[in-house]
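> Sharing a structure below in structure tokens format, with a few things to ask.
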Amino acid sequence: MTNPSTLYRGGVLHCPADPSATALLVSGGRISWLGSDADAPSADRVVDLAGALVTPAFVDAHVHATDTGLALSGLDVSAVRSAAELLEAVAAFAAGLPVDAVVLGHGWDESRWAVPRPPDADEVDRAAGGRRVYLSQASIHSALVSRALLAACPEVVAAAGYDGSGWLRRDAHHVVRAAAFGSVTRAQRVAAQRRALEHAASLGIAAVHECGGPEISDEEDFTGLLAISGAGVPEVYGYWGELGGAARARELGAVGAGGDLFADGALGARTAHVSAAYRDGDGCGHGYLTAGQVRDHLLDCAAHGLQGGFHAIGDAAISTVLDGFAAAAEKLGTDQVRAARHRVEHAEIMSKRLIAGFVEYGVVASMQPAFDRLWGGAGRMYESRLGLARSLESNPMGAMHSVGVALAFGSDSPVTPLDPWGSVRAAAAHHNPAQRMSVRAAFAAHTRGGWRAVHLDAEGVLALGAPATFAVWGTPAGVERGLPVLQSDDPEARGPEDPTPLPVCRRTVLRGEVIYEEGAS
């Protein structure tokens, strides 16, 4: 049987066009029928959903697959809460490695420590028994390294962002990162990519947007990842972030010349370009692009028929990017700029003027709700960097949604974990009540919003004739109006740390093919 049909019945379907639907028929990779169990047609196979919820599958609009896979198999230090705990974790992990191995770790976040001082390179060296160590900070825009790794790349001393303590930023960080990841074999990278995608599928994610580029991943990594897209794993839509690199992006198979094309750095590393000085550090961060470079990149994208995009976190960087959009619109016309659906990744520190610019130029905001959950609110990293008033204005997803900015949600994994329902809840429970979205709107941004960001407007819905791309969920807290309950009945318990249990993925289907099934080997 070359193309068997499958009837899924006995479920609760998130299908606004037919709220009473309990069953769907999949044939030829598409939804060929929707309705009630009683009216269901015959099929080659029948799956009893046993009351489970069926929704469109998620799209994660910003991931780094190789890094995610390596983090899943490497040293996870996201839970450490002091310099001493970090050193203990390094020592325990390194003890099981050969003496010439490189320790790769990720996720430490000193802003969550009682004493926000990381250990220095010599302390890390001793903990690792003299091994080379690379420990990326949660933002991945800085890293703590051992003295042995510094010695292995002496050119780092002359690079911007070098610090003898071993906590490196900017160009110095790129030097040590390249040296550390150069120790990872191609086979290990391929295995890491597949592990990351399989993990995504287990969470109901059917597609990811890989944000690559010469400062993030090498070309072989990028093309290798695209080669396994959809082969029993989620689909991968690649963005190659190289200034003026639209032709190269197209050659590599990317859907856009953007993603992590850096207009600035990150708040965690104090390298995001902000308009007012950091409260807990010197200066306003770093802008890496001029408005003229942004304009020329967008013109290059237009010449090659590609979507463009930029990583921009601070308001000064976003302002520069929008100035470049305005200059490009003078050459191309605003309508052509809007039609391209260019993207800005992160867009964390916004203002009404900047939000208006996103509306004017049709910019897709690729945002990460977990950023507010982890670092927003009183007493957390955003307040330390920006002060409480400015921190509460960060990640203004609600304000952007309310005026029509197109949103596409993701994780920036491994900066934050792949966790789509957690991200939906984070957007609905923003630390600033004025920036909260409805669960329905946040879910749409994490499903259909991701498809629209890659110009696939017909995807991300359960509808007759649509691709059969969906997920089946166990919903421990129940279902209301076609979506799971994500928030407590107790108003006092609602918020980013709401204890309500999240849905559990039972099955993920991509264009009719099951790419994850709970309990399957």
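The values are calculated or read from the model by the stated rules, or taken from the named source; none is laboratory data. As the structure is a prediction and not an experimental result, all values here were calculated from the model. In this analysis, Cβ positions are derived from the backbone assuming ideal geometry, glycine residues included, and neighbour counts consider all displayed protein chains. The accessibility values were calculated without ligands, DNA or RNA, using every heavy atom of the protein model including side chains. Shrake-Rupley method; radii C 1.70, N 1.55, O 1.52, S 1.80 Å.
> For Arg194, what accessible area in Å² do you get when you roll a 1.4 Å probe over the heavy atoms of the protein chains, rounding to the nearest 10?
Spelled out: Arg194, probe radius 1.4 Å, area about 80 Å².
> Divide by every residue of the chain the summed helix terms, -39500 (n - 2.57) for each DSSP H run of at least 4, and state the resulting mean residue ellipticity at 222 nm, rounded to the nearest 500 deg cm²/dmol.
Rounded to the nearest 500, the figure is -9500 deg cm²/dmol.
> Would you grab the residues whose amide H sits under 5 Å from the one on His62? Only those 5+ places off in sequence or on another chain, please, with H modelled 1.01 Å from N.
Amide H to amide H, under 5 Å and 5 or more residues apart or across chains, His62 pairs with His209, Ser411, Asp412.
> If one puts a single equal scatterer on every Cα of the stretch 340-485 and applies the Debye formula without solvent, what log₁₀ I(q)/I(0) results at q = 0.12 Å⁻¹?
The computed values of log10 I(q)/I(0) come out as -0.50.
> Taking the dipole about the Cα centre of the chain, with the C-beta of Lys and Arg at +1 and of Asp and Glu at -1, give me whichever of Pro19, Trp421, Leu135 is farthest to the positive side.
Result: Pro19.
> Here is a follow-up. So, with a 1.4 angstrom probe, what is the percent of accessible area on the stretch 402-521 that is carbon and sulfur?
Of all accessible area on the stretch 402-521, carbon and sulfur atoms account for 50 percent.
> Got a number for the accessible area of Phe371? Probe 1.4 Å, square angstrom, nearest 10.
10
> Separation of the stretch 1-74 and the stretch 248-273 by C-alpha centroid, Å?
Result: 33 Å between the Cα centres.
> Turning to a different aspect of this structure: What ranking of Leu486, Leu203 comes out by heavy-atom accessible area, probe 1.4 Å, highest first?
So, going from the largest accessible area down, we get Leu203, Leu486.
> Dipole magnitude of the stretch 369-458 about its Cα centre, charges +1 at Lys/Arg Cβ and -1 at Asp/Glu Cβ only, in debye to the nearest 20?
For the stretch 369-458, the charge dipole is close to 140 debye.
> Could you work out the relative contact order of the chain? I mean the mean sequence separation of Cα pairs under 8 Å and 6+ apart, divided by the number of residues, in percent.
Worked out over the chain, it gives 16 percent.
> Sticking with this structure for a sec: Report the convex hull volume per residue for the chain, counting only C-alpha atoms, in Å³.
It is 147 Å³ per residue.
> Given a 1.4 Å probe and every protein chain left where it sits, what share in percent of the accessible area of the stretch 37-82 is carbon and sulfur?
Looking at the stretch 37-82 in its full context, I get 48 percent from C and S.
> Continuing with the same structure: Using θ = phi - 60° and the Karplus relation 6.51 cos²θ - 1.76 cosθ + 1.60, list the HN-Hα couplings for the stretch 195-209 in order, rounded to whole Hz, with x at every Gly or Pro.
3J(HN,Hα) across the stretch 195-209, in whole Hz: 4, 4, 5, 5, 5, 4, 4, 5, 9, x, 9, 10, 7, 9, 9.
> Calculate one ³J(HN,Hα) per residue across the stretch 465-473 by plugging θ = phi - 60° into the Karplus curve 6.51 cos²θ - 1.76 cosθ + 1.60, and present them in order as whole Hz with x for glycine and proline.
x, 6, x, 7, 10, 7, 10, 10, 10
> Keeping all protein chains in the complex and leaving out DNA, RNA and ligands, what accessible area do you get for Tyr237 with a 1.4 Å probe, in Å² to the nearest 10?
30
> Would you mind working out the magnitude of the charge dipole of the chain relative to its Cα centre, with +1 at each Lys and Arg C-beta and -1 at each Asp and Glu C-beta, to the nearest 20 Debye?
420
> Carbon-plus-sulfur fraction of the accessible area of the stretch 149-288, 1.4 Å probe, in percent?
Result for the stretch 149-288: 52 percent of the exposed heavy-atom area is carbon or sulfur.
> Can you give me the long-range amide H partners of Glu242? Hydrogens built in the peptide plane at 1.01 Å from N, cutoff under 5 Å, separation of 5 or more residues or another chain.
Gly258
> Let me ask something else. Between Arg506 and residues 5 or more places away or on another chain, which pairs have amide H atoms under 5 Å apart, with H built 1.01 Å from N, and which residues are they?
Val472, Trp473, Gly474
> A further question follows. In nm², what is the average projected area of the convex hull enclosing the Cα atoms of the stretch 203-296?
7.9
> Using the alpha-carbon centroid of each, what span in Å lies between the stretch 414-482 and the stretch 157-186?
Here the two parts' Cα centres lie 36 Å apart.
> Using only the Cα atoms of the stretch 6-66, each taken as one equal point scatterer with no solvent, compute I(q) by the Debye sum, divide by I(0), and report log10 of the ratio at q = 0.19 Å⁻¹.
With one equal scatterer per Cα and no solvent, log10 I(q)/I(0) is -0.68.
> How much area per residue is accessible in the chain when the probe is 1.4 Å and only protein heavy atoms are counted (Å²)?
Value returned for the chain: 37 Å² of accessible area per residue.
> Sorted from largest to smallest, which semi-axis lengths in Å does the alpha carbon gyration tensor of the stretch 240-289 give for its equivalent ellipsoid, taking the root of 5 times each eigenvalue?
Gyration-tensor ellipsoid for the stretch 240-289: 30, 9, 6 Å.
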